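Participant: After the structure tokens below, expect a handful of questions from me.
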Amino acid sequence: MDRPLPRKPTRLDPRLPWLGGVRRLLSPMAGVTDRPFRDICRRFGADMGFCEFASASGLTYGGENTWKLVDTDGEEGLVGVQIFGADPEHMAQAARLLGTRRLDVLDINFGCPVKKVVQKCGGSALLADVPLLDRIISAVVANSAVPVTAKIRTGWDEDKVNYDEVGLLLQERGCAWVTMHGRTRAQKFTGQANWDRIAHLVELLEIPVIGNGDVVDGASYRRLVEHTRCHGVMIGRGAMGNPWIFAEMRAVDEGGAAPNVSFAELCDVTADHIRGEVAARGEGHGCLVVRGHISRCFRGYPGAAAFRKRLYDAPGSAGMIALLDEARALGDPRAAGAAAGEAGPDAG
Ligand SMILES: Cc1cc2nc3c(=O)[nH]c(=O)nc-3n(C[C@H](O)[C@H](O)[C@H](O)COP(=O)(O)O)c2cc1C
């Protein structure tokens with residue numbers, strides 16, 4: 001059996017009795033981590049799921065579409081809601097409004113690099129305005145019915161790396177944990193996440209640090225925790241088209257064998273996801289969301305690219321599900337390719 005993963009002992013928020021066992025979390029991802037996808041990830045072992053980020057101003061003004069993003073009514077399992085914004089009063093008001101909702105923690109986004117958010121001084125722009133970040137976190141902590149957490153990047157750019165200052169401030173203001181994506185805002189999604197900086201933040205803080213960035217399987221999960229001793233790991237892109245990553249991570253923690261996911265199961269789960277999205281969002285929007293996941297499905301299978309294109313082009317959910325049923329009935333293309341002497345590198 002592999003060595004158990006090293007974790008730094010931390011100060012756990014007594015209001016979160018479950019936190020000690022939370023190691024594998026699904027990152028918030030706009031357009032991706034809606035209820036159907038959160039449910040699927042939990043089915044495969046995610047300890048906690050996060051909703052897509054929601055604008056505090058949108059919640060304050062009662063925007064129907066914004067409120068749909070945080071619809072957790074009746075959701076089973078641990079769930080976090082994430083808000084963003086640059087107006088402390090709106091952030092406080094959103095925290096108050098969320099007080100009647102089903103959520104286990106309220107997370108504040110200090111990491112979003114997207115221009116639309118940053119131009120209004122939200123997301124990662126707040127890393128470059130620590131006094132405003134301080135007013136926001138203080139206002140949210142004072143007004144939230146549930147413990148508050150924060151998700152940051154390492155800084156605005158390489159000249160303004162300040163995760164240490166920001167992390168200590170967030171701890172001081174009462175955050176239950178800090179999640180850090182190991183890139184600066186300037187990097188967006190380029191280069192590599194800097195795990196040394198995550199390790200440094202783990203050493204610096206007494207509260208748990210959740211590491212994030214570039215974990216794509218059980219092996220990289222092990223490497224990140226061994227490198228940083230972080231309390232838990234958030235998975236973003238690595239879960240798209242691959243919710244089994246959480247089962248792989250669980251196997252790393254618990255010492256069992258990594259799951260062997262059959263092609264039939266892959267088809268079934270993809271079909272379940274399509275049904276879930278259509279039930280949650282309606283046919284048109286549901287199919288649109290599913291198409292966002294398709295580009296990451298069936299990696300490693302011969303003919304994957306062509307199959308993904310057919311799925312993508314199918315006119316509606318019934319067509320997509322019929323294609324999946326058909327593929328399932330034909331059997332695992334890896335086995336078929338091997339039998340015909342065609343096994344080779346992934347066509348996708
Ligand atoms: C499509 C997409 C949407 C995202 N939306 C959010 C979001 O709403 N809130 C947030 O904090 N991070 C968001 N992120 C960032 C991820 O949560 C995560 O920090 C980042 O992808 C790095 O982790 P990974 O390497 O595991 O993907 C998003 C990322 C992607 C790819």
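Participant: Can you give the local net charge around ASP196? Use residues other than it whose beta-carbon is closer than 14 angstrom to its beta-carbon, Lys and Arg +1, Asp and Glu -1.
Facilitator: -1
Participant: Evaluate the charge dipole of the stretch 138-199 about its Cα centre and quote only its size in Debye, nearest 20, assuming +1 on the Cβ of each Lys and Arg and -1 on the Cβ of each Asp and Glu.
Facilitator: Values: 8 positive and 7 negative charges, 58 e Å.
The calculation lands at about 280 debye.
Participant: Tally Lys/Arg at +1 and Asp/Glu at -1 over every other residue whose Cβ is under 11 Å from the Cβ of VAL146; what's the total?
Facilitator: Its environment carries a net charge of 0.
Participant: Spin-label point model (7 Å from Cα, Cβ direction): what's the THR100 to ALA335 distance in nm?
Facilitator: Those two pseudo-labels are separated by 5.4 nm.
Participant: Something else about it: Could you give the nm distance between label points at ARG310 and ARG223, where each point is 7 Å from its Cα heading toward the beta carbon?
Facilitator: Rounded to a tenth, the inter-label distance reads 3.5 nm.
Participant: Another question, if that's okay. Once you have all Cα-Cα distances for the chain, histogram them in 20 Å bins from zero and send the whole-percent values.
Facilitator: Bin by bin from 0 Å, the calculated values are 30, 56, 13, 0.
Participant: Over the Cα atoms of the stretch 101-166, what radius of gyration and what Dmax do you get, in Å?
Facilitator: Looking at the stretch 101-166, its Cα Rg and Dmax stand at 12.3, 40 Å.
Participant: What does the accessible area per residue of the stretch 19-254 come to in Å², with a 1.4 Å probe and no ligands, DNA or RNA counted? Present the calculation step by step, with values, prior to reporting the outcome.
Facilitator: Working: 8420 Å² over 236 residues.
Result: 36 Å² per residue.
Participant: I've got another one for you. Give, in nm to one decimal, the length gained when the segment between VAL161 and GLN119 is fully stretched (0.36 nm per residue of separation minus the Cα-Cα distance).
Facilitator: Full extension from VAL161 to GLN119 adds 13.2 nm.
Participant: State the percentage of accessible surface on the chain attributable to carbon and sulfur atoms; use a 1.4 Å probe and exclude ligands, DNA and RNA. Provide the component values of the computation, followed by the final result.
Facilitator: On the way: 7820 of 14740 Å².
It is 53 percent, rounded to a whole number.
Participant: Using a Gaussian network model of the chain with C-alpha springs under 10 Å, which one of ALA30, ALA86, ALA94 is most mobile by mean-square fluctuation?
Facilitator: Of ALA30, ALA86, ALA94, the most mobile in the Gaussian network model is ALA30.
Participant: Hey, in the GNM for the chain with a 10 angstrom Cα cutoff, which one of GLY292, GLY241, GLY232 fluctuates hardest?
Facilitator: Highest fluctuation of the listed residues: GLY292.
Participant: If ligands, DNA and RNA are left out, what is the accessible area of VAL261 with a 1.4 Å probe, given in Å² to the nearest 10?
Facilitator: Looks like 30 Å² after rounding.
Participant: Residue by residue through the stretch 182-191, what is 3J(HN,Hα) from phi via Karplus (6.51 cos²θ - 1.76 cosθ + 1.60, θ = phi - 60°)? Round to whole Hz and write x for glycine and proline.
Facilitator: x, 10, 7, 4, 4, 6, 6, 10, 8, x
Participant: Run the dipole for the chain about the Cα centre, Lys and Arg Cβ at +1, Asp and Glu Cβ at -1, nothing else charged, and hand back the magnitude in debye, nearest 20. All intermediate terms of the calculation are to be shown ahead of the outcome.
Facilitator: Values: 42 positive and 43 negative charges, 57 e Å.
Dipole about the Cα centre, nearest 20: 280 debye.
Participant: Take ASN260 and GLN192, extend 7 Å from each Cα along the Cα→Cβ direction, and tell me the distance between the two endpoints in nm.
Facilitator: A separation of 3.3 nm, rounded to one decimal place.
Participant: Toward the positive end of the charge dipole of the chain, about the Cα centre and with charges on Cβ (Lys, Arg +1; Asp, Glu -1), which of ILE210, VAL117, ILE321 goes farthest?
Facilitator: With unit charges placed on the Cβ atoms, the residue in question is VAL117.
Participant: Over the chain, calculate the relative contact order: mean separation of alpha carbon pairs under 8 Å at least 6 apart, over the residue count, as a percent.
Facilitator: Value for the chain: 15 percent.
Participant: Would you check the chain for Lys pairs whose C-alpha atoms are within less than 28 Å, ignoring same-chain pairs closer than 8 in sequence, and give me the count?
Facilitator: The number of close lysine pairs in the chain is 20.
Participant: Still on this structure: Choose one answer from ALA46, ALA336, ALA304: the residue with the largest mean-square fluctuation in a GNM of the chain with alpha-carbon springs under 10 Å.
Facilitator: In the Gaussian network model the winner is ALA336.
Participant: If you take every residue apart from TYR61 with its C-beta less than 13 Å away from the C-beta of TYR61, what net charge results, scoring Lys and Arg +1 and Asp and Glu -1?
Facilitator: Within the 13 Å Cβ shell, the charges total -3.
Participant: Please tell me the relative contact order of the stretch 10-165 in percent, rounded to the nearest whole number, where contacts are Cα pairs under 8 Å and at least six residues apart.
Facilitator: Details: 282 pairs, mean separation 28.1, N = 156.
It comes to 18 percent, rounded to a whole number.
The values are calculated or read from the model by the stated rules, or taken from the named source; none is laboratory data. Model, not experiment: these values are computed from the prediction. Reconstructed Cβ throughout: ideal geometry from the backbone, glycine too, with neighbour counts over all protein chains shown. Ligands, DNA and RNA are stripped out before the accessible areas are found, and what is left, the full protein with its side chains, is counted by its heavy atoms. Shrake-Rupley method; radii C 1.70, N 1.55, O 1.52, S 1.80 Å.
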